[in-house]
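The values are calculated or read from the model by the stated rules, or taken from the named source; none is laboratory data. As the structure is a computational prediction, the values presented were derived from the model and not from experiment. Cβ: placed from backbone, ideal geometry, glycine included. Neighbour counts: every protein chain shown.
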Amino acid sequence: MSTTSDRNDAARNALRVAVERVQESRADGGGEPPTPPPTAPEDEGLRAYTGVIVAAVGLLVLLGIVAMAIFALPSGTTKGQDVVTLSTAAFGVIGAVTGAYFGVHAANRAVTKLERAHRSVASGRGSGI
């Protein structure tokens, strides 16, 4: 089983090999590699802000569902169990949706960093690492 550091080392080595090939191609007169299309600049502060808003909205919706369950369910011996059941179901659904949002967000961020590294290597300004 490989560890995270082993995978990181393998990725760095693959990137170094790619950089060497590009540099060799330039030295051999192979020309410039194609430049990827420019992307819009990203505002990291805005990304963090939207993440906080998504988490806060998820918690507020959960709180609303629990409050509605407490006040809407009829009184009786099973009211506590019913509130816990509804709260648990709501927590599971909202947690899954919020987790999916942050997972997609993290994947998009990784792609953006990789594209920046690729542009850096392609333009000859560094190793991109």
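General observations
- Residues of region 74-129 that turn out to be polar (S, T, N, Q) and outside any helix (DSSP H, G or I), as a count: 5
- Exclusive hit being surrounded by 12 or more Cβ atoms within 10 Å (Cβ to Cβ) and either without any contact (Cβ under 8 Å) to a residue 40 or more places away in the chain or over 12 Å from the mean Cα position of the chain (by Cα) (or both), set Ala122, Ala107, Ala100: Ala122
- Assessment of region 2-24 against the conditions (surrounded by 10 or more Cβ atoms within 10 Å (Cβ to Cβ), over 18 Å from Leu114 (Cα atoms) and modelled with pLDDT under 70) yields no matching residue.
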